[in-house]
1. Would you kindly state how much longer the chain becomes between S377 and L23 on full extension, computed as 0.36 nm times their sequence separation minus their alpha carbon distance, in nm to one decimal?
2. If I model a spin label as a point 7 Å beyond the Cα along the Cα-Cβ vector, how far apart are those points for A130 and I146 in nm?
3. How much accessible surface does E602 have with a 1.4 Å probe, in Å² rounded to 10?
4. Taking R0 as 22 Å, what's the FRET efficiency between K788 and T465 from their Cβ-Cβ distance, rounded to 0.05?
5. Could you check the spin-label model distance between D157 and Q278? Points 7 Å from the Cα along Cα→Cβ, value in nm.
6. If I stretch the segment between L716 and H673 completely, what's the gain in nm (0.36 nm per residue apart, minus their alpha carbon distance), one decimal?
7. Tally up the carbon and sulfur contribution to the accessible surface of the stretch 624-754 as a whole percent, 1.4 Å probe, everything protein left in place.
8. Could you pull out every whole DSSP H run in the chain that spans at least 27 Å of Cα extent along its own axis and averages 1.0 or higher on the Kyte-Doolittle scale?
Amino acid sequence: MHRLLQDVRFGIRTLLKTPGFTLVAVLVLALGIGANSAMFTIVNGMMFKPLSGRADDLIGLYSHDRTKPDSYRAFSYPNFADIRESAGLFDALMAHTFTQVGIGTADSIRQVFADVVSSNYFDTLDVPLAAGRTFSAAEERPGARIPVAIVSADRADQLGQTIRINGIDFTVVGVTPRGFTGTMALVGPELWLPLGMYDVVVSDMFKENGRGLTDRGNVALVVAGRLKPGVTADAAAARLEAVSRQLADAYPAENRNQLLTINPLPRMSTSTSPGTDQGLGIAAGMLMGLSGVVLLIACLNIANMLLARGSARRKEIAIRLAVGGGRGRIVRQLLTEGLLLAAAGAAGGLLVAYWSTSALVGSLARVMPLPLQFDPSPDVLVLTATTAFAVAATVAFGLGPALKMTRVNLVTDLKEIAADAAPSVLGRRFTARNVLVVGQIALSLMLLAAGGLFARGALKAASATPGFSYDRELLVQIDPELARYDEAMGRAAHRRVLERLRATPGVEAAGIASTVPFGDFHEGEPVERVGGATDRPASAIYRIIGADYFRTLRLPMIRGREFTPAEEDSPNAPRVAIVDERLARRLFGTEDPIGQMIRFAEQPGRARQESREPMQIVGIAAPIRDELFDREAGPAIYVPSGRNYRSNMTVHIAVARPGAEAEMLDVIRRELHALDPALPVPQATTMQGFHDRSLELWAVSAGGRLFMTFGLLALLLAVVGLYGVKSYLVSQRTREIGIRMALGARPRDVLRLLFAEGAALSAVGVAIGLPLAIGLGLLMSNLLYDVKPVDPVVFTAAPLLLVAAAAAATWIPARRATRILPLTALREQ
């Protein structure tokens, strides 16, 4: 310990003697370690940070058809209650389902996610509330309709008060602890409501078939729990097999062939089917791998600096060896100095990590439909990982230079003859320092190309459209259910809104739809033809629309017609449908689809049992991409809003005059308020604004920014490393350059000589880096948006940018070399 403290004190004094070197080294390490600490902070939150209470111990309970292993479905409340009471496997078993509710009044309504839960939800998670109480069994009872709520810690001041949810005053009876996210990591709802309020608060989008919670056929709940101590997987499987058969015998209509199974809950999703965190682990590994490359480049940079600095310490090291100092002792001292640099860099890296993760999470919170619960402050695991990064960096950049610096020629070094100036070394083009620079250039090109691919994808995503132009297109979301309108009142509200908007001056057309392309919510249904040969049902995008929907999007019908006003409004209108070209071709091939009959294929726990009835195709629509990452459009099916009521709908509005979008939004808000002051309007925006706030677009843009940051950071470190090597070589070759100039060499000859050497390093680095970049592009091809993994633009621009930066880094010291006076140079050494 005494010797260690002695090494530390000596190392601090040594580093303080060269403040310029120390500052640059610490900054480089702060960037390298900070990139890794930032990525690990995010990975830690996603994968390792413990969830609240015993949420990490939960297992999911799942149900599927024995004859169709992939046909998973949710649970009805009666089935859940029977299993909870009779299974004998669980310490605790809870049920819940998500919904969107509106908080506030019509003028200031805000849509938030709520979790509708059983009374033992918090007990199952073993999470005590920060204040107040949990729900009672009476409040869980289906149909109880006792308006109570538990809120997140951000609303702690509302305990005991009332908040207006979907037009009803709820009493806040509890407050969750800060950072509580339920069964998922990072994200969680703002509100928790009892299952007894299910029929009141769960919107029709989230209800599986519109029936009440007491209906055993209404499979609407996700179930999870904790197994009793000592229960093995085999014992649980055997008991669940028995329970499955009991339910099937007692209620064959709802439970025939259903088998109950268990599976660990994934950390980042809630689903009715089993899932894993495998994809999350792959993404985390890729993030850590790329940030590790940045740290490696930083280490190569510091190693180069240490090798250059070691030339100035040769005499010091030679004297210590000459007076009996052991080589191992000196290596330890040099590594101690490196560890001090890494420790200072790690401290700076934690600040970099905190700032960068805070900025990233802040940008994500603005587009997330669920509130984020992410603390960027480093916890014990992050601090441990950062320490590990610092130690690994010390070994990576310090051990090689330390061994090289202690392998000395005592006679030469005591006479202060620089080894790099010796004739035997001058001719060696690829010294250790040059090899390190080549490595930096190669790795930098790899990251720069990856950043270019993601940045190019982000630019394409920002300008992408689903298949129709965003110009003069507005979106207005209305949801009468948030104001307690029943179906009849909601239908009337929809009709009045469309009539009013279509009659508003400046509005070219208006149409209604249940979901918006490139939005955060998507629906799909399997579709099959009736009375014809077909291999299997075709999976199709499902959208409820009204009349003039395609006209509003300025998309002409390819064949047939749009829905009529009667089909838009009447629940008794003929059963008709519109399909896009892809679905028509998949179901009917070369046959004419107009007039043909189709229906939705049977599936367990389907949301629309009545929609199994045949529908006649009346139109063929142009293809529309539903999700940003769809490589091509469709297939899609459109059904009329008259027969398929949905409260939460979006009105598409085509503005007649270019550039009048903002003005028309104000007009439309006033018109809707005058029409019905109580009608909730959660959102009114331009189509372009809606696109820009898309979660998928954020993911693409954030990926582009992240990988481009890695690439530019790597480029900066490589340029600094190249500049350092060339500056050092110029200083070491001052005498040689002076002799050349004294013998008649002109400045441009010297400039050409040094540029040729820099160009050689850059060329070798690019030659090595291009295959690495191509390999990384192919590895990440599934993550790229509309960009080929070997994009010619990126793989032309990235090497050119790197070569230009390397040329600049070489030019500065080379230019300085041309100003050396021969007489001054000849007097040196």
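1. Values: separation 354, 0.36 × 354 = 127.44 nm, distance 2.51 nm.
Answer, rounded to one decimal: 124.9 nm.
2. 2.5 nm
3. 140 Å²
4. Efficiency for this residue pair is about 0.60.
5. Rounded to a tenth, the inter-label distance reads 4.9 nm.
6. On the way: separation 43, 0.36 × 43 = 15.48 nm, distance 5.51 nm.
Separation in residues times 0.36 nm, less the Cα-Cα distance, equals 10.0 nm.
7. Numbers: 3020 of 5270 Å².
The nonpolar share, carbon plus sulfur, comes to 57 percent.
8. Counting only whole DSSP H runs, the qualifying helices are 19-43, 278-312, 380-405, 432-462, 695-732, 747-779, 792-817.
The values are calculated or read from the model by the stated rules, or taken from the named source; none is laboratory data. Values in this document were obtained by computation on a predicted structure and should not be read as measured data. Cβ: placed from backbone, ideal geometry, glycine included. Neighbour counts: every protein chain shown. Just so you know, the surface numbers come from the protein's heavy atoms only, side chains and all, with ligands and any DNA or RNA stripped out. Shrake-Rupley method; radii C 1.70, N 1.55, O 1.52, S 1.80 Å.
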